[in-house]
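First comes the structure, then the notes that go with it.
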Amino acid sequence: MPPFNKILIANRGEIALRIHRACQEMGIRTVAVHSTADDTAMHVRLADESVCIGPPSARDSYLNAAAILSAATITGAEAIHPGYGFLSENARFAEMVEAHGMAFIGPTAEHIRIMGDKIAAKDAMRRLGVPLVPGSPGALASVDEAREIADEIKYPVLIKAAAGGGGRGMKVARNEDELEEAWRVARTEAKAAFGDDSVYMEKYLDRPRHIEMQIMADTHGNVVHFGERDCSLQRRHQKLVEEAGSPALTAAARDALGETVTNALKQLGYRGAGTLEFLYQDEQFAFIEMNTRLQVEHPVTEMVCGVDLVREQIRVAAGEPLGYEQRDVRFNGHAIECRITAEDPVTFAPSPGRVNAYHAPGGLGVRIDSALYAGYAVPPHYDSLVAKLIVHGATRAEAIARCRRALTEMVVDGIRTTIPLHQLIMEDPEFASGDYTIHWLERFVAQHT
Ligand code: ADP
């Protein structure tokens, strides 16, 4: 018997397909929701049923909780999977889903709320024994307080939005002269993007890697981790290429971090999938934030662990126990993901429009998560991610060679994409050496454009 008979997928694009695929394999019927701009989208075509929930603007469709709940009610869905983005980290939405007698495929509203406020999240993690980036103990009340703390932790410092996400509301101050401006700009950006101008301060690390841990928890007190992902290749604090495992981490370091993280989440009583993000420098981990949802880069973990994370999310949301322990989780080979967006590979200007021809690469160890098809028009209203190329190899070198090969096979004709940039990265000897930090890609892009 499947854990649910029918699930509504409250998302679009590649992630809606990803969730549909897991449901289908589990014998669960799916309901797609879509805006009027997505009438002909692949997630709508594949789902068993679909409901139009509003006009193109995300605010009126994919963020329209009332319309989504109505769609779930009239179709008789038993659970809602929010994917990533949109309503996935909206605690109020999770509460509304449960109040309507449906399961929310994610953690409790309480945990979404805590982790959605980065100050509260750091406070919770500190108490659970997780190491943090040094910084202000809470929200900064004034620029004078910011100055005092900066003097203590020493410049450079970073002012960050408590409600932050997508790299917005984040400003570096390299010295005291830059502090007032950084404070002002971060608050203005935070207010505009999140409607909340609370900011806090962190020491700005000069050469860290971004390393995150994937965890899964059931409602019976079992928590396992599926190892780390290295997401250091970023542009404007946004990830572009991700790897599992990290070229910088030994198995012993992974085990130690995994133990800290799983212990913390056991104490918290967490449920579902989650990711703890860390900066890693001088062999020290420092927590920056937790994401209480499936992440864009989850496939690299699936490839090395041989696990279907969406299936696990659905099972634990239905109250099933994990049924395995940490020692059952094995890591096999290396995986790399390229995020392919509908953007100019040099200027990064958005490039929506019609895809005339589409050819997906294939062969051993190649996976494409994408909602593209020939004739599809990429709408201008949403995130520019159009495909994820994920490759797996026995070693990192094999994965890179495979990625290079797959990128040359891939054709997305009619719109501009970041495929040429990924090709340059995969051909670069420094990338191949594995020796890079979060600043590497910005410099690489500047040199090649
Ligand atoms: P968001 O939620 O907006 O993505 P994060 O806190 O996850 O913000 O940080 C995004 C990225 O910004 C990190 O992956 C890292 O590259 C950079 N960053 C964040 N905090 C620091 C810091 N204290 N020092 C240096 N870089 C940082």
Convert 4 °C to kelvin, take the viscosity as 1.567 mPa s, use the Kirkwood radius over C-alpha pairs of segment 95-227 as Rh, and evaluate the Stokes-Einstein diffusion coefficient in µm²/s, rounded to a whole number. 78 µm²/s
At 0.36 nm per residue, minus the direct Cα-Cα distance, what do residue 40 and residue 21 gain on full extension? Give it in nm, one decimal, please. 5.0 nm
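Suppose R0 equals 35 Å; then what is the FRET efficiency for residue 443 and residue 100 from their Cβ-Cβ distance, rounded to the nearest 0.05? Let's see the in-between values first.
Details: r = 49 Å, r/R0 = 1.41.
Computed FRET efficiency for residue 443 and residue 100: 0.10.
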5 angstrom amide H check on residue 164, placed H, neighbours 5+ away: 118
Highest GNM mean-square fluctuation, the chain, Cα pairs closer than 10 Å: which of 266, 154, 388? 154
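Using a 1.4 angstrom probe on the protein heavy atoms only, line up 74, 80 by accessible area, largest first. Numbers along the way, then the final one.
Details: 74 135, 80 0 Å².
Of 74, 80, the descending order of accessible area is 74, 80.
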Residue 333's amide H: which non-local residues (gap 5+, or another chain) put their own amide H closer than 5 Å, with H modeled 1.01 Å from N in plane and none for Pro or chain starts? none
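Translational diffusion coefficient of segment 1-156 at 37 °C, 0.692 mPa s, Stokes-Einstein with Kirkwood Rh over Cα pairs, in µm²/s as a whole number. Walk me through the numbers on the way to the answer.
Numbers: Rh = 17.6 Å.
The calculation lands on 187 µm²/s.
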In the full protein assembly as shown, how much of residue 314 is accessible to a 1.4 Å probe, in Å² to the nearest 10? 0 Å²
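Once the other residues with Cβ under 14 Å from the Cβ of residue 252 are scored (Lys, Arg +1; Asp, Glu -1), what is the net sum?
Numbers: positive: 254; negative: 228, 255, 259, 283.
Summing Lys and Arg as +1 and Asp and Glu as -1 gives -3.
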Can you give me the Cα centroid spacing of segment 380-394 and segment 407-424 in angstrom? 11 Å
Once you put a point 7 Å from the Cα of residue 175 and another 7 Å from the Cα of residue 433, both along the Cβ direction, what distance in nm separates them? 3.1 nm
Going residue by residue through segment 196-204, the Karplus relation 6.51 cos²θ - 1.76 cosθ + 1.60 with θ = phi - 60° gives ³J(HN,Hα) values, rounded to whole Hz and with x marking Gly or Pro, of 8, 9, 5, 10, 9, 10, 10, 4, 8
Here the alpha-carbon Rg of segment 209-448 over 2.2 N^0.38 Å rounds to 1.03
Judged on accessible area alone, 1.4 Å probe, highest first, 52, 305 line up as 52, 305
How large are Rg and Dmax for segment 14-63 when only the alpha carbon atoms are used, in Å? 11.0, 32
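How many Å² of accessible area per residue for segment 84-135, probe 1.4 Å? Mind dumping the intermediate values first?
Details: 2150 Å² over 52 residues.
Using a 1.4 Å probe on heavy atoms only, each residue of segment 84-135 averages 41 Å².
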In this structure, among 122/203; 154/191; 122/266; 171/203; 122/160; 203/239, pairs with alpha-carbon gaps over 19 Å are 154/191; 203/239
Distance between modelled label sites at residue 364 and residue 57, nm, 7 Å Cα→Cβ extension: 5.3 nm
If you split all Cα-Cα distances of segment 253-361 into 5 Å bins from zero, what percentages do you get per bin, shortest first? 2, 8, 14, 19, 20, 12, 9, 8, 6, 2, 0
Explain nothing, just compute: Karplus ³J(HN,Hα) = 6.51 cos²θ - 1.76 cosθ + 1.60, θ = phi - 60°, for every residue of segment 11-20 in order, whole Hz, x for Gly and Pro. 7, 9, x, 4, 6, 5, 5, 4, 6, 4
Inter-part gap, Cα centre of segment 257-331 to Cα centre of segment 151-198, in whole angstrom, is 29 Å
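Looking at the chain from every direction and averaging, what is the projected area of its Cα convex hull in nm²? Show your work: numbers first, answer last.
Details: hull surface 80.4 nm².
With the hull built on Cα positions only, its mean projection is 20.1 nm².
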Looking at segment 143-203, I'd like the Rg to Rh ratio, where Rg is from alpha-carbon atoms and Rh is Kirkwood's inverse mean 1/r. 0.95
Binned at 10 Å from 0, what are the whole-percent values of the Cα-Cα distance distribution for segment 298-395, short to long? 13, 34, 29, 19, 6
Average the reciprocal distances over every distinct pair of alpha-carbons in segment 6-89, invert the result, and give the Kirkwood radius in Å. 12.2 Å
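The values are calculated or read from the model by the stated rules, or taken from the named source; none is laboratory data. Owing to the predicted nature of the structure, the values given are computational and were not obtained by experimental measurement. Here Cβ is always computed from backbone atoms with ideal geometry, including for glycine, and neighbour counts include all displayed protein chains. Just so you know, the surface numbers come from the protein's heavy atoms only, side chains and all, with ligands and any DNA or RNA stripped out. Shrake-Rupley method; radii C 1.70, N 1.55, O 1.52, S 1.80 Å.
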